[in-house]
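Take a look at the structure set out below.
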Amino acid sequence: MLIKKKIPLPTSLIVTQSNQLVEARYNLPLAEQRLILTMISRIQPDDEDFKPYCISVGELAEFLGVDKASAYRECKKTTENLLKRVVNIDETDGLLQIGWVSSAKYVDGSGEVNLSFDPLLKPYLLKLKGNFTSSKLEMLLSFKSQYTIRIYTLLKQYEKLKEREFDLEFLREVLGLRPDQYQLYADFKRFILVAVQKELTQKSDLYFNFEEIKGGRRVTAIRLLILTHEAVIMNPADKDNGEGALPPLDGLLSLIPEQHRSKKTVLSSVAAYEKKQGYDYVKRNILYSNGKADKSYAGFLVNALKEDWGHDWELEQQAAPAVKKKMTVWERQGFKSEKDYDAFMYRKQMESYQTARK
């Protein structure tokens, strides 16, 4: 018999991790992933070092969905397995392979276990000053799939950019899929992409639509269009496959750096050229402007739309995908330097953190 009385989900805890850890390659079953996220949420912004993080056996049992009689036994199995899990992090000088936790201490008679992170995870969880992503623990614990949790954090990382493109093999590695899992793209699409899309649409503050990018006849990459709850609209053409989509104009405006999105010249130009030349025409010129505009973004974009400056650039991107330079986050957002972007994001994340704790 499963436990009927659920432990209330915390509403003020934030999970903050470096972007390198968000993009790290690992495979954690749902219960273990929930446990790690709960541990991370106990870290405070001013913590200088890790502490033993106390988790009740009842909370662990809730994650596992087991009854009270077998809770202690099943929890010990979970923590024992967690001690063997490896996370792969790409560092500047090579690959770091590391365990999530270094110890799990059960205290007799307390009904609690003290878990300790591996010390080498400190740069990815402690005193983060930039290049990090924060999510509400309550949201993450509500998901029923380990893949939903991972894809949600990847979307959260690029929330302000409204779009994220993944090489299919890279995405499989990040999600921790074995080579023999969902080998056919049709299976990966059905059991991972569409399943996660459905759960996020029902529960999350973020959703996504996706575009398939082909290399020859095979799908080699996926472009995720990141939507917010208020922006998701079901178009008639999408009802059969259950995929959410934005109206063309809203979708185009979401590609524009946030600080330029409400300018009258930008709004009127994008609307006029979308009506006259179509979605793809405007999209390539927006993306071209995001990377090339120097001082006056609005003026640059208007001229790009008028002269179709993005035409040749798009052809170059398609002709040489292997050498295409990926635009950095701060470039896409319109900041002058990575330092300015990091400072801005740090202020925003701290504001969110303080608001969530009130």
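Just so it is clear, none of the values below were taken in a lab; they were calculated from the coordinates. In this text the structure is predicted, and so the values were computed from the model without any measurement. Here the Cβ is made from the backbone with ideal geometry for all residues, glycine too, and neighbour counts use every protein chain on show.
Couple of notes before you dig in:
- Positive contributions from Lys and Arg (+1) and negative ones from Asp and Glu (-1), summed over other residues with Cβ under 15 Å from the Cβ of A298, come out at +4.
- Using the Karplus relation 6.51 cos²θ - 1.76 cosθ + 1.60 with θ = phi - 60°, the per-residue 3J(HN,Hα) values for the range 54-64 come to 8, 10, 6, 4, x, 5, 4, 4, 5, 4, 7 Hz, with x marking Gly and Pro.
- Using the Karplus relation 6.51 cos²θ - 1.76 cosθ + 1.60 with θ = phi - 60°, the per-residue 3J(HN,Hα) values for the range 162-178 come to 6, 7, 8, 10, 10, 5, 4, 5, 5, 4, 4, 5, 4, 6, x, 6, 6 Hz, with x marking Gly and Pro.
- Relative to the current alpha-carbon distance between S103 and E80, full extension at 0.36 nm per residue lengthens the span by 7.4 nm.
- Point-to-point label distance, E307-L95, nm (Cα→Cβ direction, 7 Å offset): 4.6 nm
- Relative contact order [Cα under 8 Å, 6+ residues apart], the range 1-142, whole percent: 39 percent
- Under 12 Å from K105, Cα to Cα: aspartates and glutamates that are on another chain or at least 8 residues apart: E80
- For the residue pairs K160/K275; K156/K292; K51/K84; K189/K276; K156/K264; K77/K129, the C-alpha atoms sit more than 30 angstrom apart in K189/K276; K77/K129.
- In this calculation the C-beta distance from L267 to E316 is compared with R0 = 35 Å, giving a FRET efficiency of 0.75.
- Neighbour counting of Cβ atoms within 10 Å sorts the residues K295, K156, fewest neighbours leading, into K295, K156.
- Chain lengthening between K198 and S116 when straightened (0.36 nm per residue, less Cα-Cα): 26.1 nm
- In order along the range 68-74, phi translates into HN-Hα couplings of 4, 4, 10, 4, 5, 5, 5 Hz, rounded to whole numbers, per the Karplus curve 6.51 cos²θ - 1.76 cosθ + 1.60 with θ = phi - 60° and x for Gly and Pro.
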